[in-house]
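The values are calculated or read from the model by the stated rules, or taken from the named source; none is laboratory data. Predicted model only: the values in this text are computed from it and were never measured. As a convention, Cβ positions derive from the backbone with ideal geometry for all residues, glycine included, and neighbour counts pool all protein chains shown. Protein only, heavy atoms only, side chains kept; ligands, DNA and RNA dropped before computing areas. Shrake-Rupley method; radii C 1.70, N 1.55, O 1.52, S 1.80 Å.
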Amino acid sequence: MITSIKHALSASAEAEIEIAGWIRSRRDSKGFSFVEVNDGSCLRNLQVVVDQEVPGYEQALHATTGSSVRVAGRLIASPAAGQKWELRATNLEIIGHADASYPLQKKGHTVEFLRTIAHLRTRSNLFGAVFRVRSRLAYAVHQFFQERDFVYVQTPIITASDCEGAGELFRVTTLKQGTDKAGEPDFFGKATYLTVSGQLEAETFACALSKVYTFGPTFRAENSNTSRHAAEFWMIEPEMAFCDLRGDMELAEEFVKAMVRHALEHCADELGLFTKFVDKTLMETLTLVAERPFQRVPYADAISILNASGRNFEYPVTDGQSLQSEHERFLAEEHFRVPVILFDQPAQAKPFYMRVNDDGKTVAAMDVLVPGIGEIIGGSQREERLNVLQENMRSRGLSEEEYWWYLDLRRFGTVPHAGFGLGFERLLMFLTGVSNIRDVIPFARTPGNAEF
RNA sequence: UCCUGAGUAGCUCAGUGGUAGAGCGGUCGGCUGUUAACCGAUUGGUCGUAGGUUCGAAUCCUACCUCAGGAGCCA
């Protein structure tokens, strides 16, 4: 029976235990050796003391960083400073050697280098911590919605609808390039793609189960080379019937705050590491976000604030157009210094399904802008009026036949409804302070890169 | 895709026209209840790739590749 190091380190009494993990470092003394073992169950290592008479001692002396090891012994209070418990080995077995070419050192590596060894980087403190937080937060996402009676919907990954406006699509086909016979039908009998959003399908469920959410992989074929875009990422999309934009914004704020609080409460060691090595202001920022209300700003007010700022922006502030990144950053990072919810944006820059406001010029859309990351959530109240939706589609040249089932929702018992999409990786970037999306997803898919 | 910057030892970097270096890592030895231990020795290079300029190029020029930061697209 193997005891996890997490459990061993939180022991309340001495015990005979057996642990297994990978050697992080070794310090030899005359007659005995200190071996630091980490099994990924927590950030901390367990210090193993191996006396020269212990079976396996000779092996241990030649075990380099990265070797896997199994140790039986007695967990005792450590006589030295630096750790509460240590394991006095009675038996040590090297399971698998790591030779001198093992690329991870005891000292810090750059994230850029670790990215080139994504199959090993999880053995570093930083990435172990990132992926433990990722796991914990995935759990928190489900907990948040389940506690509020949202129904979890697994929307399809292969889809024929492109959720207009969400981005470029990856084509899914069984036709072989250059060899397909003319007129041969494709697998689904129509063009299909990897989903860019589960929203349209989620809407059908919301119009039956009232409150639903999706949490799954999403694909965008854009040639984006930035620190916050990936071709494959995980998105969380709640959708609520009988809900307007205000309710949508309330949920968004409540959700982000709940995730921050969950991380603060359950990932304290990891957040401590991030604060020490990644972003010194992380704890401060997270505490602030958990406590202070988000700033809600109508688009029109945002334009006024930007114009009155006296700031010389690289791109001019133009009423009626989407804000530039620098504008959003100014609002979230300098003007308000808290997450900002920008809402009621110009209709022309937004997709067909967003509800047209009474002014006829803006739509009930909202973006949550977070300091350091930018847009973390994009959402809207959906257009529930059949004739208005049809008009929106016509003006954008969309075919009603393609969306017949989507329009049916407005034909049969239509209701006001709203929802949003939240990028799980962007949430993790915000919670960990890690500034590149490639470092919060196990194996990043970006243009030109699908290694591992 | 566009703009900017960077590619030198396994890693982090110095070297800016004249004999390729340091620290860390690895190896060997010493020392020590050690804490990213310490001390000594040692190992380690197609200077991103291909051309060009020059008596001579890691260094200057051109192209390409890769990576990073920023922009657009968005989550």
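Give the Rg/Rh ratio for chain A, taking Rg as the radius of gyration of the Cα atoms and Rh as the Kirkwood radius, to two decimals.
When Rh is taken as the Kirkwood radius, the ratio is 1.06.
For the range A:288-344, report the accessible area per residue in Å² (1.4 Å probe, heavy atoms, rounded to an integer).
55 Å²
Cα centroids of the range A:225-252 and the range A:387-452: how far apart, whole angstrom?
So the separation of the two Cα centres works out to 8 Å.
Provide the FRET efficiency to the nearest 0.05 for the residue A:291-residue A:315 pair, computing r from the beta carbons and using R0 = 25 Å.
Details: r = 33 Å, r/R0 = 1.33.
Between residue A:291 and residue A:315 the formula returns 0.15.
Measuring with a 1.4 Å probe in the full set of protein chains, what accessible area per residue, in whole Å², belongs to the range A:5-96?
47 Å²
Say the cut-off is 30 Å between C-alpha atoms; which of A:30/A:107; A:84/A:106; A:211/A:276 go over it?
Check vs 30 Å cut-off fails for A:211/A:276.
What does the net charge come to around residue A:335 if you take all other residues with beta carbon closer than 13 Å to its beta carbon, with K and R at +1 and D and E at -1?
Working: positive: A:311, A:329, A:337; negative: A:301, A:326, A:328, A:333, A:334.
Net local charge, residue A:335 excluded: -2.
With no solvent and one point per C-alpha, what does the Debye sum give as log10 I(q)/I(0) for the range A:5-96 at q = 0.13, 0.15, 0.18 Å⁻¹?
For the requested q values the scattering log ratios are -0.35, -0.47, -0.69.
Give the calculated FRET efficiency between residue A:186 and residue A:105 to the nearest 0.05, with a Förster radius of 51 Å applied to their Cβ-Cβ distance.
The value I calculate is 0.50.
Find, among the chymotrypsin sites (Phe, Trp or Tyr not before Pro) in the range A:186-250, those assigned to loop by DSSP (not H, G, I, E, B) with at most 11 other beta-carbon atoms within 10 angstrom.
A:187
Where does the charge balance sit around residue A:90 when Lys and Arg score +1, Asp and Glu -1, over other residues with C-beta under 14 Å from its C-beta?
Neighbour charge sum, excluding residue A:90 itself: -4.
Take the alpha-carbon centre of the range A:254-315, take the same for the range A:79-134, and report the distance between them in whole Å.
The distance from the Cα centre of the range A:254-315 to that of the range A:79-134 comes to 31 Å.
For chain A, what does -39500 (n - 2.57) per DSSP helix run (n ≥ 4), summed and divided by total residues, give at 222 nm, in deg cm²/dmol to the nearest 500? Could the numbers behind the result be given before it?
Working: 13 runs with 134 residues, N = 452.
Result for chain A: -9000 deg cm²/dmol, rounded to the nearest 500.
On a full-extension model of 0.36 nm per residue, what is the gain between residue A:149 and residue A:136, subtracting their alpha-carbon distance, rounded to one decimal in nm? Walk me through the numbers before you get to the answer.
Details: separation 13, 0.36 × 13 = 4.68 nm, distance 2.03 nm.
Result: 2.7 nm gained on full extension.
Roughly how tilted is helix A:125-147, in degrees to the nearest 10 and between 0 and 90, from the longest Cα axis of chain A?
Here the helix axis deviates by roughly 50 degrees.
Counting other Cβ atoms within 10 Å, keep those with at most 16, restrict to DSSP loop, and tell me which GluC sites (Glu not before Pro) in the range A:1-77 are left.
When the GluC sites (Glu not before Pro) of the range A:1-77 are filtered for loop state and at most 16 Cβ neighbours within 10 Å, A:14, A:53 remain.
Calculate the spin-label point distance for residue A:70 paired with residue A:358, positioning each point 7 Å from the Cα along the beta-carbon direction, and give it in nanometres.
In this crude label model, residue A:358 to residue A:70 measures out at 7.2 nm.
If you count only protein heavy atoms with a 1.4 Å probe, what accessible area per residue comes out for the range A:383-426, rounded to a whole Å²?
Numbers: 2040 Å² over 44 residues.
That works out to 46 Å² per residue.
Among the trypsin sites (Lys or Arg not before Pro) in the range A:121-223, which ones are in a DSSP loop with at most 10 other Cβ atoms within 10 Å of the Cβ? Mind listing them?
A:176, A:181, A:190
Grab the other residues whose beta carbon is less than 13 angstrom from that of residue A:106, score K and R as +1, D and E as -1, and report the net. Walk me through the numbers before you get to the answer.
On the way: positive: A:24, A:26, A:27, A:107, A:123; negative: A:36.
Once positives and negatives cancel, what remains is +4.
Pop out the carbon and sulfur fraction of the accessible area of chain A as a percent, whole number, probe 1.4 Å.
51 percent
Using θ = phi - 60° and the Karplus curve 6.51 cos²θ - 1.76 cosθ + 1.60, what whole-Hz ³J(HN,Hα) does each residue of the range A:236-251 get, with Gly and Pro shown as x?
10, 10, x, 9, 10, 7, 6, 9, 9, 4, 4, x, 5, 5, 5, 5
Estimate the FRET efficiency between residue A:268 and residue A:95 by the formula 1/(1 + (r/R0)^6), using the beta-carbon distance for r and 25 Å for R0, to the nearest 0.05.
0.20
For residue A:30 and residue A:208 in one chain, what is 0.36 nm times their gap in residues minus the Cα-Cα distance, to one decimal in nm?
So the chain would gain 56.9 nm between residue A:30 and residue A:208.
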